[in-house]
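In what follows, a structure is listed as structure tokens, so that the remarks can point back to it.
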Amino acid sequence: MRAARRVARRGLRASRRVLRRAVGRAYTRWRRSIQIRVVTSTLLISAVVVAILGAFLQQQISAALMEGKIKAAMLQLDEGLGMVQRDLGGPAADDTGRLGSVVNALKARSGPSGLYEIYIRDAKNPYYDGYATNELRQESVPQRLREELRRGPAGARDYTFGRLSYIGRDREPGLIVGGKTGQFELYYLFPLTQEERTLARVTWSLLAVGAVLVLLLAAIASLVTRQVVIPVRLAAQGAQRLAAGRLEERMRVRGEDDLARLATSFNEMAANLQEKINELEHLSQVQRQFVSDVSHELRTPLTTIRIAADMLYEYRDTFSDPAVGRSAELLQSQLERFEALLADLLEISRHDAGAATLDAESVDMRDVVLRAVGDVQHLAERKGSKVVLQLPGEPCMAEVDRRRVERILRNLLVNAVEHGEGEDIIVSCAADRDAVAVAVRDHGVGLKPGESQMVFDRFWRADPARARTTGGTGLGLSIAREDAQLHGGWLQAWGEPGKGSQFRLSLPRVAGAELRGSPLPLVPPGVRDGRAVYAELEAGE
């Protein structure tokens with residue numbers, strides 16, 4: 001018994017799952033298809049309208065049928081009352097034989113109302129219940145109708161609906177009409193079985209016609225909607241292909257209606273967009289080529305200037321005028337900055353042209369961090385900052401381009417030293433199964449809301465009035481983000497005014513793998529407030 005119950009419960013749960021999936025698929029298709037929604041709405045609305053009209057027609061047909069039946073029954077009653085008045089109005093009216101013969105004569109007459117039963121009653125003879133035809137039970141005449149005729153004047157007539165009862169037969173619905181003439185009450189009882197069958201046939205006919213009409217309306221709505229939806233669907237598909245880069249995509253124009261104008265407008269938009277994109281690509285290519293050519297062409301004169309500047313710098317102490325020696329020192333520092341700017345411009349042009357390549361190898365990220373920290377250690381000491389390392393005890397292996405990752409970390413460390421206001425700089429490293437991350441945290445001026453993305457723009461500066469003390473080119477963070485994206489990783493920033501900033505580099509452990517998360521938080525612990533959460537979301541966490 002328990003096993004059968006378990007099987008039944010499992011079957012019930014499986015049926016519910018199948019039903020939920022079917023309902024879910026149907027709802028998804030309904031939500032995504034305009035045509036299905038229009039056809040469904042047409043079905044529902046037309047079904048309601050047809051149901052209301054069908055009910056109204058059925059009520060009108062039923063009322064007309066019953067009204068005709070009642071009129072015919074009243075005519076039959078008037079004829080019967082006249083015959084009763086003529087044949088039973090004499091002194092021998094209490095003769096039971098004459099009463100029965102009159103009833104049989106009335107039953108034998110066929111009037112406009114069709115078949116009927118008759119019941120007659122002598123109101124002056126309380127001991128005589130009356131006379132009925134065809135084994136009709138006397139309780140078929142409602143007591144209410146009897147009381148109405150008894151209280152009414154001579155010649156009163158009335159009708160009602162009830163159930164006709166027979167001896168040895170089932171009860172059936174009927175119309176009972178009655179009238180009073182002299183001392184007699186005459187009742188005609190008309191079975192309504194045929195009328196009920198007629199109304200049932202009418203009802204089923206209305207239902208069938210209504211169902212066919214609803215289906216026809218739905219089919220018409222489907223055809224009409226299809227004529228509108230198909231061009232819109234083709235336009236949506238064309239827009240998707242256009243967004244995917246297929247700028248040659250065009251729609252076929254048919255006719256001169258609104259949909260044809262839509263297709264024409266779409267084609268004109270696509271042609272203009274293709275033209276503008278081609279122009280932008282050409283301008284971008286010219287710009288990249290110009291930057292690359294200028295950078296290369298400047299190498300030759302820069303080399304000559306470098307040789308002369310090195311000679312002047314070497315003999316700066318021999319000049320009699322101290323201003324000349326100072327000028328040689330300034331010339332040397334600016335030449336170093338100019339060379340760095342040329343190198344960054346060449347690197348940016350390679351990234352823009354898509355010529356940058358990744359020379360990945362398996363390295364321990366801890367060693368990369370130590371090398372980058374060693375390169376900027378003297379700068380941090382000069383600025384009064386201390387670099388604090390938080391490295392894990394186990395190796396953090398990853399397939400990366402060592403040269404590019406070291407350049408990213410040097411840029412982040414130099415940026416932290418320049419804006420760290422002499423406070424400690426914390427460098428953290430962590431790894432999980434899929435990714436490695438390095439975070440550089442400073443406690444300097446921080447970033448204002450919205451600057452966490454702008455900081456990676458080329459030549460952007462948070463404070464234009466702030467002097468560069470480290471000789472940066474303004475391209476370091478832009479190149480760093482390009483290098484991170486070349487690895488398939490993230491370079492993100494967080495900062496708050498007065499609380500410092502943190503830059504986080506996240507890279508996949510396997511070259512070419514998709515990065516899904518980072519083992520280090522973007523927002524440092526202890527400063528997670530409303531603006532920090534906003535900055536984290538803004539940075540794409």
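The values are calculated or read from the model by the stated rules, or taken from the named source; none is laboratory data. The structure presented is a predicted model; accordingly, all values stated were derived computationally and were not measured. For neighbour counting, all protein chains shown are included, and Cβ atoms are generated from backbone atoms with ideal geometry for every residue, glycine included. The protein model used for the area step is the full one, side chains on, heavy atoms only, and it has no ligands, DNA or RNA in it. Shrake-Rupley method; radii C 1.70, N 1.55, O 1.52, S 1.80 Å.
In contact (Cβ under 8 Å) with a residue 60 or more places away in the chain, within 24 Å of Glu514 (Cβ to Cβ) and surrounded by fewer than 19 Cβ atoms within 10 Å (Cβ to Cβ) - does that describe any residue in the stretch 418-426? The answer is no, given that none of the residues of the stretch 418-426 is in contact (Cβ under 8 Å) with a residue 60 or more places away in the chain, within 24 Å of Glu514 (Cβ to Cβ) and surrounded by fewer than 19 Cβ atoms within 10 Å (Cβ to Cβ).
Selection of strands (runs of 3 or more DSSP E) fully inside the stretch 115-189 by the criterion of at least 3 residues being touching a residue at least 40 places away in the same chain (Cβ under 8 Å), out of contact with any helix residue (DSSP H, G or I) (no Cβ under 7 Å at 6 or more places or on another chain) and within 21 Å of Ser101 (Cα to Cα) returns 117-122. Looking at Leu259, Leu213, just one residue is surrounded by 16 or more Cβ atoms within 10 Å (Cβ to Cβ), touching a helix residue (DSSP H, G or I) at 6+ places or on another chain (Cβ under 7 Å) and modelled with pLDDT under 75, and that residue is Leu259.
Tallying residues that are open to solvent by less than 40 Å² (accessible area, probe 1.4 Å) and closer than 15 Å to Leu115 by Cα within the stretch 69-84 yields 8.
Filtering the stretch 216-234 to residues that are aliphatic (A, V, I, L, M), within 22 Å of Glu249 (Cβ to Cβ) and either in contact (Cβ under 8 Å) with a residue 24 or more places away in the chain or open to solvent by 70 Å² or more (accessible area, probe 1.4 Å) (or both) leaves Val228, Val229, Val232, Leu234. The residue pairs whose first member lies in the stretch 306-325 and is of a type in the set (Lys, Arg), whose second member is open to solvent by less than 100 Å² (accessible area, probe 1.4 Å), and whose beta carbons are closer than 8 Å, counting only pairs six or more residues apart or on different chains, are Arg306/Leu335; Arg306/Glu339; Arg316/Val324; Arg316/Gly325; Arg316/Ala328; Arg316/Glu329. When the stretch 176-203 is limited to residues that are surrounded by fewer than 18 Cβ atoms within 10 Å (Cβ to Cβ) and of a type in the set (A, V, I, L, M), the one that is farthest from the chain's Cα centre (by Cα) turns out to be Leu199. Reported count of residues in the stretch 296-338, each being open to solvent by 100 Å² or more (accessible area, probe 1.4 Å) and not in a helix (DSSP H, G or I), is 2. Taking the numbered list (1) surrounded by 17 or more Cβ atoms within 10 Å (Cβ to Cβ); (2) among the acidic types (Asp, Glu); (3) modelled with pLDDT under 80 in turn, Glu482 passes all entries but (3). Does any residue of the stretch 244-252 turn out to be closer than 28 Å to Val38 by Cα and open to solvent by less than 70 Å² (accessible area, probe 1.4 Å)? Yes, the conditions are met somewhere in the stretch 244-252. Summed over the stretch 20-56, the residues that are without any contact (Cβ under 8 Å) to a residue 12 or more places away in the chain, over 23 Å from the mean Cα position of the chain (by Cα) and under 10 Å from Val214 (Cα atoms) give a count of 3. Of everything in the stretch 57-68 that's without any contact (Cβ under 8 Å) to a residue 40 or more places away in the chain and not aliphatic (A, V, I, L, M), which residue is surrounded by the most Cβ atoms within 10 Å (Cβ to Cβ)? The qualifying residue surrounded by the most Cβ atoms within 10 Å (Cβ to Cβ) is Gly68. For the stretch 495-515, taking the residues that are surrounded by 21 or more Cβ atoms within 10 Å (Cβ to Cβ) and among the small types (Gly, Ala, Ser), the one that is nearest to Arg481 (Cα to Cα) is identified as Ser506.
With respect to Leu412, determine if the residue is assigned to a loop (DSSP other than H, G, I, E, B), under 18 Å from Val523 (Cα atoms) and within 43 Å of the chain's Cα centre (by Cα). Let's see the steps before the verdict.
Working: assigned to a loop (DSSP other than H, G, I, E, B): no; under 18 Å from Val523 (Cα atoms): yes; within 43 Å of the chain's Cα centre (by Cα): yes.
It is false that Leu412 is assigned to a loop (DSSP other than H, G, I, E, B), under 18 Å from Val523 (Cα atoms) and within 43 Å of the chain's Cα centre (by Cα).
Restricting the stretch 1-19 to residues that are more than 30 Å from the chain's Cα centre (by Cα) and open to solvent by less than 70 Å² (accessible area, probe 1.4 Å) leaves a set whose member that is nearest to Leu207 (Cα to Cα) is Gly11.
Results for (1) open to solvent by less than 80 Å² (accessible area, probe 1.4 Å); (2) of a type in the set (D, E, K, R); (3) farther than 24 Å from Arg37 by Cα, shown as yes or no for each residue.
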residue	(1), (2), (3)
Ser205	yes, no, yes
Gln237	yes, no, no
Met269	no, no, yes
His282	no, no, yes
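If only residues of the stretch 393-406 that are without any contact (Cβ under 8 Å) to a residue 60 or more places away in the chain and either out of contact with any helix residue (DSSP H, G or I) (no Cβ under 8 Å at 6 or more places or on another chain) or exposed (fewer than 14 other Cβ atoms within 10 Å of the Cβ) (or both) are counted, the one that is nearest to Asp359 (Cα to Cα) is Arg403. Listed conditions (1) of a type outside the set (Ser, Thr, Tyr); (2) farther than 17 Å from Leu412 by Cα; (3) in contact with a strand residue (DSSP E or B) (Cβ under 7 Å, 6 or more places away or on another chain) are all met by Val373, apart from (2).
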